[in-house]
Amino acid sequence: MAPNADNLSAVLYGIKDLRLEQRPIPVPSDNQVLLQMEVVGICGSDVHYYIGGRCGPFIVEKPMVIGHEASGTVVKTGKNVKHLKPGDRVAIEPGVPCRSCQYCKTGSYNLCPDVFFCATPPDDGNLSRYYVHDADFCFKLPENMSLEEGALMEPLSVGVHACKRAGIEFGDVCLITGAGPIGLVTLLAAKAMGAVKVVITDVLSKKLEVAKELGADYTIKIERNMSEEDIIKKVVELLGQEPNKSFDCTGIESCIRICVAATAAKGCAVLVGMGKVEINLPLSKALAKEVDIRGIFRYANDYPTSIQMVQSGKINVKPLVTHHYTLEETLKAFNTAHTQEGNPIKVLIHANPNWKPS
Ligand SMILES: [Zn+2]
Ligand SMILES: [Zn+2]
């Protein structure tokens, strides 16, 4: 590749200071692949870094390439890479763990304390023309899947992981609080894994409409004057019973409280959203019902499941995509994701200069 080849990259310098600049095209090591980046979705965490310079405990302290929900095309492979070749289209799992700690060795590599994770400070993300990644965290896309669907395997894996943690089984009855992208992928995964009835809540009716389209059996539009008790009553009324699996996908205290309190005896409340460091929970209610409260963090070993779910037609992620931008339009894309103007669900950025809107 020519030394002056274009590697335009979206680099976050600080709060609301996102710049497009040229970076050298990286060289893959023996176990890596060089990727032509194709589609990169904007995540809530990217917006947090852009607007506030931080997300939870992670703070942007030096310039960082943004982006982690991505797909790419293999350009070059390191000499040890056997399962990929130039031209292969891949979904990129953004977290590469150490592979040698006890969590990595026992398969819970999402809990590895020494993980490289795209666009989590100080690690660079992949909203750029070219990017190198460890080949074993690149998953070849089947013929019948698009690069856009490939980028959506990252959020979908969060939903799949949440449902695995909940132990979703055929016949489960579920409550999901929050119909943003993560609430919606959790809905998709829960239905595909056998949940028979799902009720989902949100403050925006637009999001609930999409949830309906994606298979939600019931929706509840949360109004200001509704108390937690009112909402739980409505949940039980609609489902005809208490949900045996609940998922909070907001990180908001009142929603987490509703999930914990609403869950049926012997059920499970999974907390997916991350918000305040400390929150009050109606614990005695949960204890008296032997409700399991489980946290989730990212995903582990879920990309293959996500890809097979979409490949087989069990899950359709396409309705999540609402907006498309080019890499040059990155600032506009972040503005849309941040202001929520035009009711975006998933905003996608196309990093390949040859991309044409269809
Ligand atoms: Zn994300
Ligand atoms: Zn590890």
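Okay, here's what the table says:
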{"read-out": "When residues of segment 21-53 are limited to those that are part of a loop (DSSP other than H, G, I, E, B) and either within 16 Å of ligand 1 (Cβ to nearest atom) or charged (D, E, K, R) (or both), the one surrounded by the most Cβ atoms within 10 Å (Cβ to Cβ)", "value": "Ile42"}
{"read-out": "Strands (runs of 3 or more DSSP E) enclosed by segment 161-248 - at least 2 residues per element that are in contact with a strand residue (DSSP E or B) (Cβ under 7 Å, 6 or more places away or on another chain) and crowded, with 24+ Cβ neighbours inside 10 Å", "value": "173-177, 197-202, 245-248"}
{"read-out": "Unmet requirement for Gly67, which otherwise passes all of (1) under 20 Å from Trp355 (Cα atoms); (2) more than 16 Å from ligand 1 (Cβ to nearest atom); (3) assigned to a loop (DSSP other than H, G, I, E, B)", "value": "(2)"}
{"read-out": "Filtered residue count, segment 179-200, keeping only those that are more than 14 Å from the chain's Cα centre (by Cα) and within 21 Å of Lys234 (Cβ to Cβ)", "value": "8"}
{"read-out": "The one condition in (1) under 13 Å from Gly178 (Cα atoms); (2) over 22 Å from the mean Cα position of the chain (by Cα) that Leu271 fails to fulfil", "value": "(2)"}
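Residues checked against (1) among the aliphatic types (A, V, I, L, M); (2) within 16 Å of Val47 (Cα to Cα); (3) touching a Pro at 6+ places or on another chain (Cβ under 9 Å):
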site: Val321; (1), (2), (3): yes, no, no
site: Leu331; (1), (2), (3): yes, yes, no
site: Ala337; (1), (2), (3): yes, yes, yes
site: Gln340; (1), (2), (3): no, yes, no
site: Asn343; (1), (2), (3): no, yes, no
site: Val347; (1), (2), (3): yes, yes, no
site: Ala351; (1), (2), (3): yes, no, no
site: Asn354; (1), (2), (3): no, no, no
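Each row is one residue, and each column tells you yes or no for (1) in the same structural domain as Ser71 (by TED's automatic domain parsing); (2) of a type in the set (D, E, K, R).
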site: Arg257; (1), (2): no, yes
site: Ala262; (1), (2): no, no
site: Gly273; (1), (2): no, no
site: Ser284; (1), (2): no, no
site: Leu287; (1), (2): no, no
site: Pro304; (1), (2): no, no
site: Glu328; (1), (2): yes, yes
site: Pro344; (1), (2): yes, no
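The values are calculated or read from the model by the stated rules, or taken from the named source; none is laboratory data. Values in this document were obtained by computation on a predicted structure and should not be read as measured data. Positions of Cβ are backbone-derived with ideal geometry, glycine not excepted, and every protein chain shown enters the neighbour counts.
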